[in-house]
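Colleague: Dropping the structure in here first, questions after.
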Amino acid sequence: MSFFVGGDDGARPAAANAREDDKTHGLNRMRRTATALLLLMCVLLLACVVWQADHAWLAWPRAFAEAGMAGAIADWYAVVALFRHPLGLRLPHTSIIPHNQPRIAESLGSFVEEHFLQPELIIGRLSGHNAAQALARWLAQPENSRGVTGVIADSLAGLLDDMDEADVAWLFDRIVAPQLRTLDIARVAGDALDVLTQGDRHRPLLDHGLVALEKWLTSNADLIKAKFSEASRYTPAPLDAYIVRKFIEGILALLHEVAASPDHPLRLQFDEALQTLIVQLRTSAVHRRFGKSLLRDCVRHFRRPGRYRALLDWLRTRVIADLGREQSAVRDTLARGLVSFGRRIGREPSIQRKLNAWWIALARELVVRYRHLLSALITEVVKSWNADEVSRKIEVQIGRDLQYVRINGTFVGGMVGVLIHAVTLAA
């Protein structure tokens with residue numbers, strides 16, 4: 001998960017190339033060492049042949065050199081034959097990897113499917129880990145959540161840049177509009193009001209409404225007086241002003257009483273009216289028809305010419321501009337939401353168990369449904385590689401160890417040669 005919290009994507013290919021270069025240098029160094037050892041056996045054999053007539057004991061190092069040469073050459077041939085034709089000679093069963101790339105690809109795909117993509121194996125591994133708790137703890141760290149938010153925000157900006165009016169129309173017609181047609185907006189509004197009134201959550205909203213009404217009455221006293229005078233043409237102006245002033249003072253006094261008393265009768269009447277409205281929104285056919293009519297009008301409104309373009313331009317202007325700022329509201333909101341989400345899950349073992357059960361069931365379903373496709377994908381990808389390039393990469397990865405085979409073959413062959421010479425003399 002360090003991907004989300006740092007790192008330069010451009011540095012990864014450079015680091016991979018550097019590692020491959022190091023392995024290539026190591027392979028060349030070991031190849032030169034194995035070849036030098038073969039040449040050493042050749043020089044030793046030549047020296048023994050020249051001076052053995054004068055020094056009988058040289059038969060022993062000669063036996064070592066002969067067998068060592070044979071072992072070195074045989075292992076060199078075996079190693080080279082895996083990747084190319086030895087000395088360019090197209091001998092049978094050489095250049096094994098390039099010539100058998102399709103078969104290797106199929107075998108690799110089958111091997112992965114049979115030994116790695118088994119549902120029981122994967123589920124057994126996953127079941128032993130509380131992944132939900134680990135994810136929750138990781139998200140609860142602000143720097144991690146900011147990293148995730150950065151990836152989401154960058155993707156969102158790129159998505160909006162790539163979208164055009166036709167894409168918005170397709171999304172609205174295929175995804176949004178069908179959901180709106182089946183949505184019972186009246187019941188949704190009733191449920192929202194029910195949640196709002198639980199625990200007296202609506203009380204602060206009512207208090208703000210009372211304060212706003214008081215400010216409106218105070219600032220519009222002259223307008224009320226003028227309207228009252230227009231409606232009462234035959235009363236004196238001072239009397240109109242007196243009546244309006246007393247009316248406003250009475251209303252303000254009533255508002256203060258309601259604001260100061262949590263159990264005021266008007267508050268109780270307001271609560272009863274809200275509960276009645278909630279029931280009507282949930283059950284009334286009239287409200288249901290009105291809600292459907294409202295949604296149909298919304299759909300028709302968005303389908304008017306130019307609306308999709310206006311919506312897309314609005315989203316681009318607001319969202320991309322916000323994401324481009326150092327203090328982005330979208331990024332901050334997403335980051336705080338992820339941190340809160342992680343902390344909440346970290347405190348709820350029951351939610352962790354449900355999430356673990358859900359994602360393990362999802363993993364099983366994905367493995368069962370797509371394991372054959374993954375195997376086929378591996379096979380097709382390996383088949384599509386250039387055979388010589390594949391051979392070169394494999395040689396770079398394991399060629400250094402294969403050069404040790406050549407070196408060991410030289411010494412083992414030499415010791416076997418000495419042993420054979422000893423047995424021959426004993427016989």
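Laboratory data are not the source of any read-out in this text; all were calculated from the coordinates shown. Fair warning: this is a prediction, and the values are worked out from it, not measured in the lab. All Cβ positions, glycine included, derive from the backbone under ideal geometry; neighbour counts span all protein chains shown.
Colleague: Counting only pairs 8 or more residues apart or on different chains, how many lysine pairs in region 143-346 have their Cα atoms under 21 Å apart?
Modeller: Value for region 143-346: 5.
Colleague: Specify the angular offset, from 0 to 90 degrees and rounded to the nearest 10, of the alpha carbon long axis of helix 237-260 from the longest principal axis of the alpha carbons in the chain.
Modeller: 40
Colleague: What is the angle, in °, between the Cα long axis of helix 131-140 and the longest principal axis of the Cα atoms in the chain? Nearest 10 is fine, range 0 to 90.
Modeller: For helix 131-140, the angle is close to 60 degrees.
Colleague: On alpha carbon coordinates alone, what is the Rg over Rh value for region 143-346, Rh being the Kirkwood radius?
Modeller: 1.11
Colleague: Compare ASP222, ASP194, ASP167 in a GNM of the chain, Cα atoms joined below 10 Å, and give the one with the largest fluctuation.
Modeller: So, out of ASP222, ASP194, ASP167, the one fluctuating most is ASP222.
Colleague: At most 16 other Cβ atoms within 10 Å and a DSSP loop assignment: could you name the GluC sites (Glu not before Pro) in region 198-280 that fit?
Modeller: Loop-located and lightly packed - none at all.
Colleague: Could I ask something else about it? Starting from the Cα coordinates of region 313-385, work out the convex hull volume and express it per residue in Å³.
Modeller: Roughly 208 Å³ of hull volume per residue.
Colleague: If you take the beta carbon distance between VAL423 and ALA387 as r and set R0 to 60 Å, what does 1/(1 + (r/R0)^6) give as a FRET efficiency, to the nearest 0.05?
Modeller: 0.85
Colleague: Each label point is 7 Å from the Cα along the Cα-to-Cβ direction; what then is the distance between the points at SER340 and THR182, in nm?
Modeller: According to this spin-label approximation, the distance is 3.0 nm.
Colleague: With viscosity set to 0.692 mPa s at 37 °C, what whole-number translational diffusion coefficient in µm²/s follows for the chain from Stokes-Einstein and a Kirkwood radius over Cα pairs?
Modeller: Reported coefficient: 102 µm²/s.
Colleague: Using R₀ = 30 Å, calculate the FRET efficiency as 1/(1 + (r/R₀)^6) where r is the Cβ-Cβ separation of MET415 and THR24; round to 0.05.
Modeller: 0.40
Colleague: Same structure again: ARG201 to SER293: FRET efficiency via 1/(1 + (r/R0)^6), r the Cβ-Cβ distance, R0 25 Å, to the nearest 0.05?
Modeller: Computed FRET efficiency for ARG201 and SER293 comes out at 0.25.
Colleague: State the extension gain, in nm to one decimal, for the chain segment bounded by TYR404 and GLU114, taking 0.36 nm per residue of separation less the distance between their alpha-carbons.
Modeller: Result: 101.2 nm gained on full extension.
Colleague: I would also like to ask the following. Suppose each label sits 7 Å from its Cα in the direction of the beta carbon; what would the HIS93-ARG325 distance come out to in nanometres?
Modeller: About 7.4 nm, to one decimal.
Colleague: Work out how much length LEU223 to ASP54 would gain on full extension: take 0.36 nm times their residue separation and subtract the Cα-Cα distance, in nm to one decimal.
Modeller: Extra length from LEU223 to ASP54 when fully extended: 47.3 nm.
Colleague: What whole number of Å gives the distance from the Cα centroid of region 144-167 to the Cα centroid of region 94-117?
Modeller: Value for the Cα centre distance between the two parts: 39 Å.
Colleague: Just to be sure I understand the model, the point goes 7 Å from the Cα along the line to the Cβ. What's the resulting SER261 to PHE247 distance in nm?
Modeller: 2.4
Colleague: With angles folded into 0 to 90 degrees, how steeply does helix 11-51 sit against the dominant principal axis of the chain? Use alpha carbons for both and round to 10.
Modeller: Between helix and principal axis, roughly 10 degrees.
Colleague: Further question: Please go through region 319-427 and write out the GluC sites (Glu not before Pro) that DSSP classes as loop and that have at most 14 other C-beta atoms within 10 Å.
Modeller: Listed in order of number, the matching sites are GLU326.
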